[in-house]
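K.L.:
Dropping a structure here in C-alpha cells format, bear with me for questions.
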Amino acid sequence: MYQDTVQEARLLSKTPFVVALYACFFVLLFLFDLSGSGFAELLAPAIGSDSEGGVYARFVTSITLSAIITLGIWLIGKLKFNAQRVTVWLIMAGLFMLFFTSFDLSFDFIQSKIWFMVSQGILTTLYISVISISIASVLAIIGAVAKLSSNGFANGLASFYTSFFRGLPLLMQVYLIYLGLPQLGFVIDAVPAGILALSLCYGAYMTEIFRAGIESIPKGQWEAARSIGFKFGLTMRRIILPQAIPLIIPPTGNQFIAMLKDSSLVSVIGVWELMFLARTLGQKDFKHMEMLITAAMLYWILSMVLEFAQSHIERRYRKG
C-alpha cells in the first residue's frame, strides 16, 4: 500500500475513540469473567473476600485490565511504524505462547519428538510441495496458453481442466486418484498420488493466474513482436513472459504457501508428512495437543520462510 500523503489526526489521539475502546474492553472482559484468573489473584488485596467470582471481583478485574490494555495500545500508537510492528509481533507471540501453555503441555515429550518431525515430516512436506508446485507451474503455462488460444479444441480442453479441478474439493481428488486409479489397473503409491492430486488441483488455479498475467501485457507488444518475424515461442520467451512474470509471482507465491498447508491432506492416504506424524505420534502417547501445536508452529515457520523468499523475489523483479 502506498504511503498516504494526507496527514490526519490518529485515532488514538482522539479522546472519544480511546474512551470507546476502553468501554469495549471493559464490557468484553466483564462478560468473560476473569475473576478466577491469575491476574485477579494479583488484585486480591483490593478484591478481598470477593475474589471467588463475585460481581465486585469481576468489576475490579475488568476495569483494571481494560485500563492496562487501553494504555498499552495508546503507548504503542505513539511509536514509529517499525517499532509498532515489532512491538505488536512480540505481544502477539507472547499471547500465543501464553495460550498454548494453558494446555499444560509436556515439553519433555515435544523435545523427544521434535527432531523426528523436522527430519521426516518437514522433509516429506517440502519435497511433496516443491515437486507439486513445479508440475503445477508447467500445467499452468500450458493451460494459460491453451485458454488464450484461438484453437477451440485447445481452449475447450483447458477450460474443462480448470473447471473440473477447481470444482472438486482437494481431499476428494486425493481419494479419487489414490483409490480410483487402482480399480482401472494403475496401482499408484501414496506419495505419487498425493503429488498428482496437488499438481492437478493447483495447476488449475494457477492456470487462471498465468492467463491473467499474460493478458495484462498490451496486445500491441504481441503484434509488434510478430510483425518483425518473431515466432510464437520466441515472442513468449523474450517479450510476453518477462513482463508477465513480475505480475504472476505474488499470487504464485501465495499458491505455494497454500499448497504447503494443503499438503497435510495427503496424510489421509498414509504419507508420512508433518500432519500425519503429528497425528500418529500424539495418538500413540495420548499427547495430541503437544504434537498438533508443534506441527502448527513448524507449518508457521515454513510459511514465514516462504513469505520472506517471496518478498525478496518480488523486490528483485521490481528493481528490474
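The values are calculated or read from the model by the stated rules, or taken from the named source; none is laboratory data. Please read these numbers as outputs of a predicted model, since none were measured by experiment. Neighbour counts run over all protein chains shown; Cβ positions are idealised from the backbone, glycine included. The protein model used for the area step is the full one, side chains on, heavy atoms only, and it has no ligands, DNA or RNA in it. Shrake-Rupley method; radii C 1.70, N 1.55, O 1.52, S 1.80 Å.
K.L.:
Place a point 7 Å from Cα of S159 in the direction of its Cβ. Which residues in segment 212-226 have their backbone N less than 20 Å from it?
P.N.:
The answer is 212-216, whose backbone nitrogens lie closer than 20 Å to the label point.
K.L.:
Using a 1.4 angstrom probe with every protein chain in place, what is the largest-first accessible-area order of K113, K261?
P.N.:
If we order K113, K261 from most to least accessible, we get K261, K113.
K.L.:
To continue, here is another question. What shape does segment 1-150 take by its C-alpha gyration tensor, where a ≥ b ≥ c are the square roots of the eigenvalues and a/c under 1.5 counts as rounded, a/b above b/c as prolate, and the rest as oblate?
P.N.:
oblate
K.L.:
Under 30 Å Cα to Cα from K78, which lysines show up? Leave out anything in the same chain fewer than 8 places away.
P.N.:
Filter leaves K14.
K.L.:
Turning to a different aspect of this structure: Using only the Cα atoms of segment 195-320, build the gyration tensor, take square roots of its eigenvalues as a ≥ b ≥ c, and label the shape rounded, prolate or oblate: rounded if a/c is under 1.5, else prolate if a/b is larger than b/c, else oblate.
P.N.:
Verdict is prolate for segment 195-320.
K.L.:
Separate question: Report the net charge of residues surrounding K284, where surrounding means a beta-carbon distance below 15 angstrom and charges are Lys +1, Arg +1, Asp -1, Glu -1.
P.N.:
+1
K.L.:
Now a separate question. Can you grab the distance from the C-alpha centre of segment 243-320 to the C-alpha centre of segment 139-163, Å, no decimals?
P.N.:
29
K.L.:
Using unit Cβ charges (K, R positive; D, E negative) and no other charged atoms, how large, in debye to the nearest 20, is the dipole of segment 1-158 about its Cα centre?
P.N.:
With Lys and Arg at +1 and Asp and Glu at -1, about 680 debye.
K.L.:
Under the classification rounded if a/c is under 1.5, otherwise prolate if a/b is larger than b/c and oblate if not, where does the chain fall, given a ≥ b ≥ c as square roots of the Cα gyration tensor eigenvalues?
P.N.:
It is oblate, given that a/c is not under 1.5 and a/b is not larger than b/c.
K.L.:
Quick one: which of 9-20, 245-256, 143-154 comes out on top by average Cβ neighbours within 10 Å, and what's the full order, highest first?
P.N.:
Ranking the peptides 9-20, 245-256, 143-154 by packing returns 245-256, 143-154, 9-20.
K.L.:
Cross-link partners among aspartates and glutamates for K147, C-alpha distance below 13 Å, same-chain residues fewer than 8 apart left out?
P.N.:
Cross-link targets: E208, E215.
K.L.:
Work from the charge dipole of the chain (Cβ charges, +1 for Lys and Arg, -1 for Asp and Glu, about the Cα centre) and give the residue of L181, F107, V266 farthest towards its positive end.
P.N.:
Of the candidates, L181 comes out farthest on the positive side.
K.L.:
With +1 on the Cβ of every Lys and Arg and -1 on the Cβ of every Asp and Glu, and nothing else charged, how large is the dipole of the chain about its Cα centre, in debye rounded to the nearest 20?
P.N.:
With Lys and Arg at +1 and Asp and Glu at -1, about 1500 debye.
K.L.:
Please give the calculated 222 nm ellipticity per residue for the chain, where each DSSP H segment of at least 4 residues contributes -39500 (n - 2.57) and the sum is spread over every residue; nearest 500 deg cm²/dmol?
P.N.:
It comes out at -24000 deg cm²/dmol, rounded to the nearest 500.
K.L.:
Around A295, under 13 Å between beta carbons, what's the net of Lys plus Arg minus Asp minus Glu among the other residues?
P.N.:
Value of the local net charge: +2.
K.L.:
Treat each spin label as a single point 7 Å out from the Cα along the C-beta direction, and report the I228 to S303 distance in nm.
P.N.:
Going by the 7 Å Cα→Cβ label model, 4.5 nm.
K.L.:
Further question on the same structure: Can you name the helices of the chain, as whole DSSP H runs, whose Cα span along the helix axis is 24 Å or more and whose Kyte-Doolittle mean is not below 1.6?
P.N.:
The answer, listed by residue number, is 15-32, 55-76, 123-148.
K.L.:
Report the label-to-label distance for S134 and S37 in nanometres (one decimal), using points 7 Å from each Cα along the Cα→Cβ vector.
P.N.:
5.0
K.L.:
Still on this model: Taking the simple approach of a point 7 Å from Cα along Cα-to-Cβ for both T15 and Y127, what is their distance in nm?
P.N.:
6.7
K.L.:
Are there trypsin sites (Lys or Arg not before Pro) in segment 184-251 that DSSP marks as loop and that have at most 16 other Cβ atoms within 10 Å, and which are they?
P.N.:
K231
K.L.:
Pick out, in residue order, every one of the chymotrypsin sites (Phe, Trp or Tyr not before Pro) in segment 180-216 that is DSSP loop and has at most 10 other C-beta atoms within 10 Å; say none if there are none.
P.N.:
Taking segment 180-216 and a limit of 10 other Cβ atoms within 10 Å, the loop chymotrypsin sites (Phe, Trp or Tyr not before Pro) found are F186.
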